[in-house]
Amino acid sequence: MGKLPLTIAINDYDHVRDLLTGRVEAEGIELTALNFVVEEIFYRFVNFREWDISEMSMGKYVSLRAGGDDGVIAIPVFPSRVFRHSGIYVSSKSKVREPADLRGKRVGVPEWSQTAVIYMTGLLVEEYGVSLDGIEWVQAGVNEPGRTETARLEIPNRVKLVRSSDKTLDSMLRSGEIDAALSAHPPDSFVAGDGSVRRMFENYAEVERAYYRKTGIFPIMHTIALRRDVYEKNRWIAMNLLTAFERAKARSLERLGEINTSRIPLPWLPTRTAELQALMGVDFWPYGIEGSRKTLEAFLRFAHHQGVCQRMLAVDELFAPETATRFRV
């Protein structure tokens, strides 16, 4: 019997590349890999389910599952994890200097259900005591007008969220029409360095390390989702894919610590890797449920509180049950 042909769409990650190139094989599976930017991957898979396996926004995934859409099922592989204190941008025309100053202000978001936004609003509430209903929220594209919300939301009545279809968060930050914006993608003005937009946390790396030490939360942005019909016909693929993703990631982490040659063009990378392992553990990028349970629980709590999830989900219902346990010898 030949291998099962499956198509996967995923961004270009070093810790995934060995699986996509065939250096690591998923037992019994022949993968055809498609590489697009994540925004295109999410849009096409959420709306049209064009391929068998897909990288998927955690925000979109939990929103679908909480809303009763079981057309996809995830495995606990997390290709993108990013601390998000760095994603809070402030207008130079605003007097906002710290999170508490956001009370009573206008704050922009590209989508209320964007995973990065869910984490940022969650930390504003839980770490800084900033209530969601004390802010006027404005939804708009970061650098292009016309962006719309793609998830079904049940935003609490106390939360005011308005849409601006003909403006961008970048232009509103520059003009001072909004005081701040939460966004995974930086505003063009910030990238240009024209001084009209700044980060709230200039020392974000230091703040994020302190946040991790305090909470144990390492934010998960994306997961890997399987089309339900493909999974139900071949349920063995869930564990085989997880195992292959883990092997590819292990090879990537080995490259990060290699001091003999520069496999990745970044000076002092082995030293940086050792520092991360001292802070976060030898496998500082864990797959599987248990290694990320605290982060997943926090994310589900944030998403439900913000109305992205219509009901409170449990961590263990997010992923294919075959991936929850391992055999022991």
*Please work out which residue is surrounded by the fewest Cβ atoms within 10 Å (Cβ to Cβ), limiting yourself to region 64-85 and to residues that are assigned to a loop (DSSP other than H, G, I, E, B) and of a type in the set (A, V, I, L, M).*
82
*asked:* Given (1) at pLDDT 95 or above; (2) within 22 Å of residue 67 (Cβ to Cβ), identify the lone condition not met by residue 204.
replied: (2)
*asked:* Suppose we filter region 55-72 for residues that are under 17 Å from the mean Cα position of the chain (by Cα) and closer than 20 Å to residue 324 by Cα; how many remain?
replied: 6
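Give the residue, chosen from 61, 43, that is touching a residue at least 24 places away in the same chain (Cβ under 8 Å), part of a helix (DSSP H, G or I) and closer than 21 Å to residue 234 by Cβ. Walk me through how you get there before you give the answer.
Working: 43 fails: closer than 21 Å to residue 234 by Cβ.
None of the others qualify; the one that does is 61.
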*Which is closer than 19 Å to residue 62 by Cα and either polar (S, T, N, Q) or in contact (Cβ under 8 Å) with a residue 40 or more places away in the chain (or both), of 204, 231?*
231
*Residue count, region 1-40 (criterion: touching a strand residue (DSSP E or B) at 6+ places or on another chain (Cβ under 6 Å) and assigned to a helix (DSSP H, G or I))*: 1
*On the given criteria, is residue 327 among the hydrophobic types (A, V, I, L, M, F, W, C) and assigned to a helix (DSSP H, G or I)?*
no
_Residue ID - farthest from the chain's Cα centre (by Cα), chosen from residues in region 310-327 that are more than 28 Å from residue 154 (Cα to Cα) and of a type in the set (A, V, I, L, M, F, W, C)_ = 327
*Of the conditions (1) surrounded by 18 or more Cβ atoms within 10 Å (Cβ to Cβ); (2) among the aliphatic types (A, V, I, L, M); (3) over 18 Å from residue 169 (Cβ atoms); (4) under 17 Å from the mean Cα position of the chain (by Cα), residue 26 fails just one. Which one is it?*
(4)
*asked:* Quick check on my filter: what residues within region 166-204 are closer than 11 Å to residue 92 by Cα, hydrophobic (A, V, I, L, M, F, W, C) and in a loop (DSSP other than H, G, I, E, B)?
replied: 178, 200
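Only one residue in 196, 262, 252 is outside the structural domain of residue 123 (by TED's automatic domain parsing), in contact (Cβ under 8 Å) with a residue 60 or more places away in the chain and either touching a helix residue (DSSP H, G or I) at 6+ places or on another chain (Cβ under 8 Å) or surrounded by fewer than 17 Cβ atoms within 10 Å (Cβ to Cβ) (or both), so which one is that? I'd like the intermediate steps shown before the answer.
Numbers: 196 fails: outside the structural domain of residue 123 (by TED's automatic domain parsing); 262 fails: in contact (Cβ under 8 Å) with a residue 60 or more places away in the chain.
Of the residues listed, the single one that is outside the structural domain of residue 123 (by TED's automatic domain parsing), in contact (Cβ under 8 Å) with a residue 60 or more places away in the chain and either touching a helix residue (DSSP H, G or I) at 6+ places or on another chain (Cβ under 8 Å) or surrounded by fewer than 17 Cβ atoms within 10 Å (Cβ to Cβ) (or both) is 252.
The values are calculated or read from the model by the stated rules, or taken from the named source; none is laboratory data. Note that this is a predicted model, so its numbers are computed, not measured. In this analysis, Cβ positions are derived from the backbone assuming ideal geometry, glycine residues included, and neighbour counts consider all displayed protein chains.
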